[in-house]
Amino acid sequence: MKKIALIVFSLAFSCNTAQKTVSEVSNTAKEADPVVYAETITQDELKEHLYIYASDEFEGRETGQPGQKKAVAYLKNQYEALGIPAAKKDGDYLQNVPLEVTKVPEGNIQINDAVFQIGEDVVTFDAASGTYNDIVYVGYGIEDGDYSDYKELDVKGKLVLIKSGEPVNADGTYSLSGTDKKSAWSNMSEAMGKKSNLAIEKEAVGVLYYDTQNYLRFKGYFDFMKNNKGGKMSLKEEVTNSFIVLLNQESSTAIMPDIEKNNTPKLISTSIKLNATSGNDEVNSENVIAIIKGSEKPDEYVVVSSHLDHIGVTADGQINNGADDDGSGSVALLEIAEAFKTAKEAGQGPKRSIVFLHVTGEEKGLLGSKYYTDYDPVLPLAQTVANLNIDMIGRIDPKREGDRNYLYLIGSDKLSTDLHNLSEEVNKKYTNIEFDYTYNDENDPNRFYYRSDHYNFAKNNIPIIFYFNGTHADYHRPGDTPDKINYDLLENRTRLVFYTAWEVANREHKVVVDKASK
């Protein structure tokens, strides 16, 4: 997993919808018993796969590195052995994802007479140079409906200063919503990107961004990358000359002493000299995509996904095997594929097509899934019915109390009441896992909904479910090894995803999207 007001239906309506959802499928597929095929998903096979996939031989599967290439080859070989074809028309299982790495910058930023070293009081992952004497302060940097911080301001070719948050009324409500609910412009995981992208769209040359919470988060990333001689990885199509510099309180107040209280956009006459040097390296990586064609609706697609990469080897030579993150999801996908293939061979293949999507670059910013959805959808998004995304389903969250046979579900109700109800009914019918929706809360500070590959589908109005066991002491550490996986739980959780995909693929109608993406 990457480290970066809905419609409410009545209970009675939801229950009726749920009953119709599952009975509809059961009536159209009475002759097929999915339990028979789910039982091909076994602890022993999951374990066999994972001890290979999360072994030292794969060197932590870092994006673009030799270990990740071994992981790609392993997945491809498994689909070939199962006789499951590639999704691409040319028969190639691999979708090339062109990437570029910007090395961790060095240097400083001078604000008037004060010098701030990169990695201390300022953080950037971009090269940035030049001297600027007029800075445009745009307050919260928001433009939404009738509200705009850019009114009568020209930021073309200028350096823009933005702060986190959004406007608040005198009564404490938020101006954009008129309620006590924050908008996405205050979302810790989304806001910086939304505000920076808006400034760049208005042709600002770069962004200075003041956000105390995100500063600490990104300084942690900076330190990790610097210590491990890494850098910021991006899709090659998205590499630009623009830049973002994060400021802490000291550096931001050096530019504008009253930035905390002053929300009024204005021109600031101050001198800023940027001296952040870096270099770029090209990286090639791949998604792996296989498909079982539907028997009745082959041009409608249910995408089951996981990420194939992890974080590789630390500077001191320790291998981060990533057995849970996301070895567990990767091998679960192989077992789900085998179950559907067995059904197809028995003449009970899915009515809609099932796509098995292993994406790269999740750990670098959801890059593989973003490339698939935003740049090169191998299969049309308009015909993609749902995405079921698996990211860490082999362990137990030590912070959680209660039944060990649980799973965190995230996003199932964000776009489709129909999919959420189907998911609940499938679980009751087949697997009896305790669903925990703690991390589905809009106000959850972890923001997991935005931190795995399903999000790139959700932003395109494709209903999703994210399956997740939570973090643990070995998360993103060398201790995430296959001997610590709870294989009985992994088996049951994998079967759950299979059953859910089965129902989505075989029901008469597509799951209904009744809520707009945010």
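The values are calculated or read from the model by the stated rules, or taken from the named source; none is laboratory data. Just so it is clear, the model here is predicted, and its values are computed rather than measured. Here the Cβ positions follow ideal geometry from the backbone for every residue, glycine too, while neighbour counts run over all protein chains shown.
General observations
Conditions tested, residue by residue: (1) crowded, with 16+ Cβ neighbours inside 10 Å; (2) among the small types (Gly, Ala, Ser); (3) within 16 Å of ASP326 (Cβ to Cβ); (4) in contact with a Phe, Trp or Tyr (Cβ under 7 Å, 6 or more places away or on another chain).
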residue	(1), (2), (3), (4)
TYR450	yes, no, no, no
ASN456	yes, no, yes, no
ASN461	no, no, no, no
GLY470	yes, yes, yes, yes
ASP474	yes, no, yes, no
LYS510	yes, no, no, no
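- Within the option set ASP90, ASP146, being charged (D, E, K, R) and farther than 27 Å from GLU201 by Cα holds for one residue only, ASP90.
- Filter result (in a strand (DSSP E or B) and either buried (at least 19 other Cβ atoms within 10 Å of the Cβ) or not hydrophobic (A, V, I, L, M, F, W, C) (or both)) within region 424-448: GLU434, ASP436
- Top-ranked residue of region 74-109 - restricted to ones that are of a type in the set (S, T, N, Q) and under 28 Å from ASN241 (Cβ atoms), ranked as surrounded by the fewest Cβ atoms within 10 Å (Cβ to Cβ): ASN96
- Which listed residue, of GLU152, GLU143, is out of contact with any His (no Cβ under 7 Å at 6 or more places or on another chain) and under 22 Å from SER242 (Cβ atoms): GLU143
- So SER129, is it modelled with pLDDT under 95, in a strand (DSSP E or B) and not aromatic (Phe, Trp, Tyr): yes
- Selection from region 370-421 of residues that are hydroxyl-bearing (Ser, Thr, Tyr), part of a helix (DSSP H, G or I) and surrounded by 24 or more Cβ atoms within 10 Å (Cβ to Cβ): TYR371, TYR372, THR417
- Among the strands (runs of 3 or more DSSP E) confined to region 222-306, the ones with at least 2 residues that are buried (at least 20 other Cβ atoms within 10 Å of the Cβ) and under 27 Å from the mean Cα position of the chain (by Cα) are located at 231-235, 243-247, 280-292.
- Restricting attention to region 349-369, the residues that are under 17 Å from LEU94 (Cβ atoms) and either assigned to a loop (DSSP other than H, G, I, E, B) or not acidic (Asp, Glu) (or both) total 10.
- Condition met for ARG477 (out of contact with any strand residue (DSSP E or B) (no Cβ under 7 Å at 6 or more places or on another chain) and either modelled with pLDDT under 95 or farther than 24 Å from ALA38 by Cα (or both)): yes
- Looking at region 33-106, the helices (runs of 4 or more DSSP H) lying wholly inside it that each contain 1 or more residues that are of a type outside the set (Val, Ile, Thr) and in contact with a His (Cβ under 6 Å, 6 or more places away or on another chain) sit at 66-82.
- Under the condition of being touching a helix residue (DSSP H, G or I) at 6+ places or on another chain (Cβ under 6 Å) and either over 18 Å from ASP149 (Cβ atoms) or not hydrophobic (A, V, I, L, M, F, W, C) (or both), the residues counted in region 167-187 number 0.
- Checking each residue in region 57-73 for being farther than 30 Å from SER242 by Cα and of a type in the set (Gly, Ala, Ser) picks out GLY60, GLY67, ALA71, ALA73.
Matching residues to (1) in contact with a Ser or Thr (Cβ under 9 Å, 6 or more places away or on another chain); (2) of a type in the set (Phe, Trp, Tyr); (3) within 18 Å of VAL304 (Cα to Cα):
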residue	(1), (2), (3)
ASP56	no, no, no
VAL72	yes, no, yes
GLN78	no, no, yes
ALA81	no, no, no
ILE84	no, no, yes
GLY91	no, no, no
VAL97	yes, no, no
VAL104	yes, no, no
